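The values are calculated or read from the model by the stated rules, or taken from the named source; none is laboratory data. Bear in mind that the values here come from a model prediction, so they are computed numbers and not experimental data. Here the Cβ is made from the backbone with ideal geometry for all residues, glycine too, and neighbour counts use every protein chain on show.
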């Protein structure tokens, strides 16, 4: 306790800086936890949260009885795993390539071009996608049909193409931002290491392999770990707006977030919606703890806690 | 000690991560909770500022496009009358979509009168979610004028478990379904449109149009996202999960629509039409309403006296109608598109007084329906029985669209010029009385005991139904899948429960 007081006296400016974040977290994350109980009630708007009857695990039971729960968990997990792996590889590769460019003007131009998609709202992206995929006026169908003579594809009613479309859009959109973090790390690598490598006779490829990549290791681990924590979350806009909420695509575009949204806004079944949300949080929590434990076993300096 | 602190910090961080997840995943719910929790406090707070001066301010949510400024102007004009007559002022909001209304009602936003037309499932959804205030006593006390106007037969359709929750609008309470198609194109191609026809005749017309105008969409959705006024003469029995296949017969057997022959044949026909290029390719995903106004030729639409004019007001194009079936009547038609006093209203008594005035006061009704004289409409004749758009104003872009059926009483307002005759309201009532009633007329489905099955089945339907009905996916392959998934989601339990309730209803009716 005494030590705590001493610490406070010494580091109070740091704690003060910490305070707004704590307040934000409390308001945004702790207060809403009050709503967890809705998952165990049959919510009735007129009676309010406290007046709604308890129904135990019935909401969860139904989620699991239909294939809904399986589909949304499968989609959320698989998409995120693909996003994490491809996203990291692409971002690291682009960062390395960018760092090898000598011309400063060119470097800045490329960086800006790659970053722009990240700044575009998903709703606008969905219309950009529509401009490509629209059955009657879309760019792809018009070129495919007119130039190559291939049969037009009814994109918004054909689920099999969508895993690829979503992955491509996500990569295109997220690349710029992910890359910046790696690029910044690369700039921070001690240049004497490269000089030493050159003295030892390393070529470009060897420099990347033995200096840059090891230098990026902890950044990659931390970012992947953070991404793992969000593996049960999904970008709502990507999975709801971009497929234009098209029914036949639901099997490949339904994630936990879109399910929660549909349950709340369209089916008015808030109980099941909350059950899905709680399920997402609990499994996400377990995943973060597990991932962190594994990382700590391998390399304790890289773990988050 | 240091070690302990580090560990405590680790736990704290873990908790924060968890809470972050909770917060994100439940962003929508969070609003619910906050408002739910703050409700008790809000009640006392809001009652005070709701009154400006000595008047209670009522919030009305109506249907149709209107600019905020125009709504405010109309509200002020209405308030001038209501301040004097019943001591209230109003605030008017129009054009909220189904999801916005859902959210507002779920979170208890204080609304005093609301038209539930845009809510998916309409009256059925409203009562099963307990969103409406019971009206029996209020109607007795403050709604005598409305009670005189309303047909008691239609009023019965607004009761749920014996309690009155809505009042039916004075609009079409029967429905005859068919196609509306553009007059200019028909005339140009020499197509004669029969008053009643078959799908085959419609097919021939669409083919002709497609050949003459390959760039035009022959058949388009009635509203955005694959909207369709069904031409199948079903009684949806509330939520369409378990229906009566043909409301015109005596059969009271509840069936799964996906398994009925009429539905399957319809899907096969639409698939065929789609293959022939007769249907707009993006029909199920388009975000456009009023497609007849741009590149569409025909759409599924209900007919009633004066409907040609209504389509003209909405699309700016004159149309011919071809009916597929004559007028029928089931519970959801008279109680559709009507109004409620939401449970969250702080002033239900004043709201009922206001509602009564909307049924009985021609000036109030006319202001709310047609807007301000000189700005949104002008008299078209000296007898003041017909109105029209002011010079140079497009009827679907005046800033305050006239959606007459969505208001309590259109029948005390002037008729728009262009209707076949000024005797429109008499014709409408004749039409209403001509509808063949479904054997289940008046039955309201209580889904509370199978709520989760209903949600699961709705999720299945979201995947298949619109796409099948627009012929976007192959029925041979997808109808069996649809049926199977509905079964897994519990449609049989829903049908059994619905049949039980329906049988009890019929027995009580005698």
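In contact with a helix residue (DSSP H, G or I) (Cβ under 7 Å, 6 or more places away or on another chain) and within 14 Å of chain B (Cβ to nearest Cβ): is that true of residue A:202 in this structure? When the stated conditions are applied, residue A:202 does not pass them.
For the stretch B:480-490, state whether one or more residues are within 22 Å of the chain's Cα centre (by Cα), facing another protein chain (nearest Cβ under 10 Å) and in contact (Cβ under 8 Å) with a residue 24 or more places away in the chain. Within the stretch B:480-490, not a single residue is within 22 Å of the chain's Cα centre (by Cα), facing another protein chain (nearest Cβ under 10 Å) and in contact (Cβ under 8 Å) with a residue 24 or more places away in the chain. In the set A:73, A:92, A:82, only one residue is away from chain B (no Cβ under 14 Å), touching a residue at least 40 places away in the same chain (Cβ under 8 Å) and under 21 Å from residue A:280 (Cβ atoms); that residue is A:82.
Mind telling me which of the residues B:70, B:29 ends up being in a helix (DSSP H, G or I), at pLDDT below 85, crowded, with 16+ Cβ neighbours inside 10 Å and within 29 Å of the chain's Cα centre (by Cα)?
Details: B:70 fails: at pLDDT below 85.
Only one candidate qualifies: B:29.
Let's see how each residue does on (1) within 30 Å of residue B:287 (Cα to Cα); (2) more than 26 Å from the chain's Cα centre (by Cα):
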| position | (1), (2) |
| --- | --- |
| A:150 | yes, yes |
| A:194 | no, yes |
| A:201 | no, yes |
| A:209 | no, yes |
| A:221 | no, no |
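Annotation note: of B:452, B:432, the sole residue that is outside any loop (DSSP other than H, G, I, E, B) and in contact with a helix residue (DSSP H, G or I) (Cβ under 7 Å, 6 or more places away or on another chain) is B:452.
The one condition from (1) closer than 27 Å to residue B:283 by Cβ; (2) at pLDDT 85 or above; (3) buried (at least 24 other Cβ atoms within 10 Å of the Cβ) that residue A:268 does not meet is (2).
Does the stretch B:276-283 contain any residue that is within 23 Å of residue B:211 (Cα to Cα) and surrounded by fewer than 20 Cβ atoms within 10 Å (Cβ to Cβ)? Yes, some residue in the stretch B:276-283 is within 23 Å of residue B:211 (Cα to Cα) and surrounded by fewer than 20 Cβ atoms within 10 Å (Cβ to Cβ). Condition check: surrounded by 21 or more Cβ atoms within 10 Å (Cβ to Cβ), touching a helix residue (DSSP H, G or I) at 6+ places or on another chain (Cβ under 7 Å), part of a strand (DSSP E or B) and touching a residue at least 12 places away in the same chain (Cβ under 8 Å). Does residue B:299 satisfy that? For residue B:299, the condition - surrounded by 21 or more Cβ atoms within 10 Å (Cβ to Cβ), touching a helix residue (DSSP H, G or I) at 6+ places or on another chain (Cβ under 7 Å), part of a strand (DSSP E or B) and touching a residue at least 12 places away in the same chain (Cβ under 8 Å) - is met.
Scanning the stretch B:229-251 for residues that are part of a strand (DSSP E or B) and out of contact with any helix residue (DSSP H, G or I) (no Cβ under 6 Å at 6 or more places or on another chain), we see that the one that is farthest from residue B:495 (Cα to Cα) is B:235. The single condition among (1) more than 30 Å from residue B:243 (Cβ to Cβ); (2) crowded, with 17+ Cβ neighbours inside 10 Å; (3) under 24 Å from the mean Cα position of the chain (by Cα) that residue B:442 does not satisfy is (1). From the list B:240, B:262, B:251, the lone residue that is within 14 Å of chain A (Cβ to nearest Cβ) and farther than 29 Å from residue A:137 by Cβ is B:240. When residue A:29 is tested against (1) farther than 30 Å from residue B:134 by Cβ; (2) surrounded by fewer than 16 Cβ atoms within 10 Å (Cβ to Cβ), exactly one condition is not met: (2).
Quick check: anything in the stretch B:448-470 within 14 Å of chain A (Cβ to nearest Cβ) and surrounded by fewer than 16 Cβ atoms within 10 Å (Cβ to Cβ)? Looking for residues that are within 14 Å of chain A (Cβ to nearest Cβ) and surrounded by fewer than 16 Cβ atoms within 10 Å (Cβ to Cβ), one finds at least one in the stretch B:448-470, hence yes. Of the set (1) at the interface with chain A (Cβ under 8 Å from one of its Cβ atoms); (2) assigned to a helix (DSSP H, G or I), all apply to residue B:426 but (1).
Please state which one of B:501, B:453 is more than 24 Å from the chain's Cα centre (by Cα) and either within 30 Å of residue B:155 (Cα to Cα) or in the same structural domain as residue B:165 (by TED's automatic domain parsing) (or both).
Values: B:453 fails: more than 24 Å from the chain's Cα centre (by Cα).
Step by step, each of B:501, B:453 is checked, and only B:501 is more than 24 Å from the chain's Cα centre (by Cα) and either within 30 Å of residue B:155 (Cα to Cα) or in the same structural domain as residue B:165 (by TED's automatic domain parsing) (or both).
Within the stretch A:125-145, is there a residue that is outside any loop (DSSP other than H, G, I, E, B), under 15 Å from the mean Cα position of the chain (by Cα) and touching a residue at least 12 places away in the same chain (Cβ under 8 Å)? Within the stretch A:125-145 (the criterion being outside any loop (DSSP other than H, G, I, E, B), under 15 Å from the mean Cα position of the chain (by Cα) and touching a residue at least 12 places away in the same chain (Cβ under 8 Å)), the answer is no, since none of the residues qualifies. For the residues B:109, B:99, the requirement of being within 14 Å of another protein chain (Cβ to nearest Cβ), farther than 17 Å from residue B:332 by Cβ, surrounded by fewer than 18 Cβ atoms within 10 Å (Cβ to Cβ) and touching a residue at least 40 places away in the same chain (Cβ under 8 Å) singles out B:109. For the residues A:62, A:40, A:26, the requirement of being within 14 Å of chain B (Cβ to nearest Cβ), more than 30 Å from residue B:277 (Cα to Cα) and modelled with pLDDT under 90 singles out A:62.
How many residues does the stretch A:237-293 hold that are within 17 Å of residue A:164 (Cα to Cα), in a helix (DSSP H, G or I) and more than 8 Å from chain B (Cβ to nearest Cβ)? So the count comes out to 8. Within the stretch B:371-391, the set of residues being closer than 21 Å to residue B:64 by Cα and surrounded by fewer than 23 Cβ atoms within 10 Å (Cβ to Cβ) comprises B:371, B:372, B:373, B:374, B:375, B:378, B:387, B:388, B:389, B:390.
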